[in-house]
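To keep things clear, I will list the structure first and then write my remarks on it.
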Amino acid sequence: MKRSILMRAAVGLFLLLSVGPFVASGQPKGETVTIKGEVVDLWCYLEGGNHGAEHKACGVTCAKAGNPIGILTDKGEVYVVMGMEDHQPGRDVLINKMAEAVMVEGTLVKKGGTQVIYVSKVK
């Protein structure tokens with residue numbers, strides 16, 4: 001009986017120490033912010049400046065093909081969008097809002113000239 005309990009404790013400790021760091025490092029580290037802007041597909045926006053209602057159908061097609069989605073603010077700032085749930089792509093969060101103005105809340109991470117918002121709420 002004692003041996004079984006010790007074995008379970010050892011296995012539990014091993015799992016905690018080996019898997020724990022991966023779970024803990026999966027959350028983005030940054031400040032919580034609210035950003036307002038237009039949802040754009042980054043391929044067309046960065047390549048040719050395309051956005052707006054007249055570009056909605058193309059933006060949805062590009063996002064469905066796997067191209068990243070961003071938010072373009074009134075100041076011309078671009079934020080790459082990602083979801084908070086288990087490496088969720090931005091298109092899963094905002095594809096139905098393509099070319100529309102949105103307000104999102106999430107964790108802002110800036111690195112090497114890139115700024116990403118990990119969206120937790122769409123308002």
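Tabulated values for the structure
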read-out	value
Subset of the stretch 89-123 (residues that are over 15 Å from Val78 (Cα atoms) and of a type in the set (Lys, Arg))	Arg91, Lys97, Lys121, Lys123
Residues of the stretch 73-90 that turn out to be at pLDDT below 95 and surrounded by 19 or more Cβ atoms within 10 Å (Cβ to Cβ), as a count	1
Index of the failed condition, Val93 passing every other in (1) in a helix (DSSP H, G or I); (2) farther than 22 Å from Lys29 by Cβ	(2)
Subset tally (residues that are of a type in the set (Val, Ile, Thr), in a strand (DSSP E or B) and open to solvent by 30 Å² or more (accessible area, probe 1.4 Å)) for the stretch 26-72	2
Of residues in the stretch 111-123 being part of a strand (DSSP E or B) and charged (D, E, K, R), the one most open to solvent (accessible area, probe 1.4 Å)	Lys111
Search result, residues across the stretch 91-110 that are surrounded by fewer than 22 Cβ atoms within 10 Å (Cβ to Cβ) and within 14 Å of Val33 (Cα to Cα)	Val102, Met103, Glu105, Thr107, Leu108, Val109, Lys110
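The values are calculated or read from the model by the stated rules, or taken from the named source; none is laboratory data. Everything numeric in this text was worked out from a predicted model, so none of it was measured. Ideal geometry is used to build each Cβ from the backbone, glycine not excepted, and the neighbour counts take in all protein chains shown. To get the accessible areas, we keep the full protein, side chains included, count just its heavy atoms, and leave off ligands, DNA and RNA. Shrake-Rupley method; radii C 1.70, N 1.55, O 1.52, S 1.80 Å.
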